Amino acid sequence: MAKLLNMQGICKSFFGVEVLHNVDFSVDKGEVMALCGENGAGKSTLMKILAGIYIQDAGDVVFKGSIIPKNATPLEMHHLGLSMIHQELNLLNELTIAQNIFLRREPRTPAGFINFNKMNEDAAALLAKLGEKIDPRRKVRELKIAQKQMVEIAKAISFNVELLVMDEPTSVLTGKETTILFDLIGNLASQDIAVVYISHRLKEISDVCQKVTVLRDGYFVATKNVNEVTVKDIATLMVGREITESAVTDFTGDPDAVMLEVKNVTDHMLQDVGFKVRRGEILGFSGLVGAGRTELMEVIFGIRKPRTGQVFINGKPVAVRSAIDAIKSNLGFVTEDRKETGLVLCRDINENTNYVFWQKNKGMFKSRKVYTANTKKMIERLNIRCNSPAQNVSNLSGGNQQKVALAKWLVSGAKVLVMDEPTRGVDVGARQEIYRIIKELAAEGVAIVIVSSDLPEILTICERVIVMHEGRITGMLQSSELTESKVMYYATNV
Ligand SMILES: Nc1ncnc2c1ncn2[C@@H]1O[C@H](COP(=O)(O)OP(=O)(O)OP(=O)(O)O)[C@@H](O)[C@H]1O
Ligand SMILES: [Mg+2]
């Protein structure tokens with residue numbers, strides 16, 4: 001049977017550096033194919049060549065039996081039946097959900113005006129397919145990142161597709177939405193629609209894909225049947241060495257050395273929420289999207305003003321009004337949205353990594369060497385794939401951008417570090433290194449709070465877990481009693 005997609009001998013360079021070397025990649029009709037590889041391996045670049053966003057330097061793309069001209073545009077690829085959900089969200093904040101979904105192909109009335117009623121109804125129907133009840137007339141700006149992701153998915157399936165590329169669709173989704181997405185993928189496959197699925201959550205690959213293709217450093221490594229390999233095998237193919245996972249134990253530090261305490265926080269979203277984190281403790285927050293975890297963290301950093309409630313650091317009440325206040329109070333906050341709040345995209349790796357460190361040490365003389373050493377250490381330890389520390393972060397692959405957003409706080413010297421989705425889109429190898437650094441910081445006495453929608457992550461790194469549901473704390477578990485089903489029980493609060 002002829003392949004639906006056959007990419008052969010694809011090469012691509014950026015600024016003279018080759019990032020794809022003679023890569024072959026093919027997909028059958030109705031097949032769900034995983035595409036794996038470390039951060040910077042070339043997954044997004046390969047798919048952007050397919051989508052008509054980048055032009056390959058060499059090699060052919062054969063889609064539905066025809067060679068695609070190199071200069072085919074994204075729109076032409078759409079018409080041929082190819083749709084792509086991008087790793088970085090591409091929505092226009094000031095437009096409504098429906099306007100984003102039907103941008104430049106809005107339904108019209110016979111007189112030629114935009115038929116808003118039909119557009120909103122169609123958008124609502126698409127969202128309903130994804131289990132989302134959001135009003136399609138709402139502006140995208142008001143949405144949480146997971147909801148934005150669902151809008152991107154709705155947009156991608158609103159086209160007549162034969163091949164759907166999903167670049168990290170679940171990196172910001174929790175269990176419930178991920179299950180809905182997997183049902184949708186099963187549905188598409190049963191209609192003979194093929195899917196290319198990119199994810200660093202390797203377990204998902206065995207749940208949803210039939211085959212997996214692995215890239216390493218821009219080279220094709222292997223294509224395997226998913227039922228013939230384990231998650232560990234995939235990780236080994238990606239990294240080229242075996243990955244050892246760290247194990248977590250219960251907190252053994254001083255239970256009375258409370259570094260951060262949040263008391264009685266109530267606003268329209270949160271209901272009488274309070275918790276404590278001790279010196280050197282790693283505390284996790286789990287829950288479904290909309291449980292209020294991010295909102296709670298925003299209260300600590302003064303981004304949200306609650307009706308009641310108080311934040312204490314080392315037993316003293318603090319009122320953080322700005323990011324600078326937070327930094328001065330030795331607080332750190334890795335935000336969930338690296339593009340909006342985590343990075344200065346037009347600046348280089350060195351400046352981004354040292355941004356907080358520099359703010360803190362303003363007025364004190366620090367030689368350039370200290371800053372360069374910070375950056376060098378992070379590039380090495382987190383394996384940040386870049387040409388040099390002077391590379392703009394906007395040119396890094398998604399996972400490598402996340403590593404820089406994280407590095408900024410890892411070198412900041414914060415005593416209380418809150419991390420919202422810290423390893424979003426980060427590959428397995430770097431993830432283990434990040435967990436090691438988090439543990440080292442905890443051992444040095446930093447109190448750490450991790451909000452994560454990735455349950456295996458919570459189980460791997462957190463000594464204690466608080467579970468939230470609809471703005472309330474519904475459960476607390478020590479690592480020794482932690483299981484996925486217990487967390488889900490409290491998260492759904494049934
Ligand atoms: N527009 C660009 N300009 C310069 N370099 C780029 C550009 N896009 C990608 N690169 C480089 O190409 C390489 C491959 O990046 P790509 O985004 O394809 O990786 P990826 O496999 O998708 O990684 P991730 O898992 O982090 O998303 C990286 O080294 C990256 O820095
Ligand atoms: Mg990518």
I'm told LYS118 meets every condition in (1) open to solvent by 20 Å² or more (accessible area, probe 1.4 Å); (2) farther than 30 Å from SER13 by Cα; (3) in contact (Cβ under 8 Å) with a residue 24 or more places away in the chain; (4) not hydroxyl-bearing (Ser, Thr, Tyr) except one. Can you identify the failing condition by its number? (3)
Residue satisfying all of: in the range 450-478; assigned to a helix (DSSP H, G or I) and open to solvent by less than 20 Å² (accessible area, probe 1.4 Å); farthest from THR179 (Cα to Cα) among these: ILE461
Are any residues in the range 29-53 near ligand 1 (Cβ under 8 Å from one of its atoms) and not aliphatic (A, V, I, L, M), and if so, which ones? GLY37, GLU38, ASN39, GLY40, GLY42, LYS43, SER44, THR45, LYS48
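Just checking, which of ASN352, ASN387, ASN374, ASN361 is within 13 Å of ligand 1 (Cβ to nearest atom) and not assigned by TED's automatic domain parsing to the domain that holds HIS200?
Details: ASN352 fails: within 13 Å of ligand 1 (Cβ to nearest atom); ASN374 fails: within 13 Å of ligand 1 (Cβ to nearest atom); ASN361 fails: within 13 Å of ligand 1 (Cβ to nearest atom).
Testing whether each residue is within 13 Å of ligand 1 (Cβ to nearest atom) and not assigned by TED's automatic domain parsing to the domain that holds HIS200 leaves just ASN387.
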Answer yes if at least one residue in the range 8-24 is of a type outside the set (Gly, Ala, Ser), more than 16 Å from ligand 2 (Cβ to nearest atom) and under 30 Å from SER190 (Cα atoms), and no otherwise. yes
Among the listed residues THR460, THR423, which satisfies the condition of being within 16 Å of ligand 2 (Cβ to nearest atom) and within 22 Å of the chain's Cα centre (by Cα)? THR423
From SER13, SER44, SER26, grab the single residue that is within 27 Å of the chain's Cα centre (by Cα) and more than 21 Å from LYS224 (Cα to Cα). SER13
Where the second residue is assigned to a helix (DSSP H, G or I) and open to solvent by 60 Å² or more (accessible area, probe 1.4 Å) and the first is without any contact (Cβ under 8 Å) to a residue 40 or more places away in the chain and lies in the range 481-494, which pairs have Cβ atoms under 9 Å and are six or more apart or on separate chains? GLU484/PRO456
Looking at the range 285-367, what strands (runs of 3 or more DSSP E) fall wholly within it and have at least 3 residues that are open to solvent by 20 Å² or more (accessible area, probe 1.4 Å) and either modelled with pLDDT of 85 or more or more than 25 Å from SER397 (Cβ to Cβ) (or both)? 308-313, 316-318
Please specify each residue of the range 34-82 satisfying the condition of being assigned to a strand (DSSP E or B) and either open to solvent by 30 Å² or more (accessible area, probe 1.4 Å) or away from ligand 2 (no atom under 16 Å from the Cβ) (or both). ALA58, GLY59, ASP60, VAL61, VAL62, PHE63, SER66, ILE67, LEU82
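The values are calculated or read from the model by the stated rules, or taken from the named source; none is laboratory data. All values reported here derive from a predicted model rather than from experimental measurement. For neighbour counting, all protein chains shown are included, and Cβ atoms are generated from backbone atoms with ideal geometry for every residue, glycine included. The protein model used for the area step is the full one, side chains on, heavy atoms only, and it has no ligands, DNA or RNA in it. Shrake-Rupley method; radii C 1.70, N 1.55, O 1.52, S 1.80 Å.
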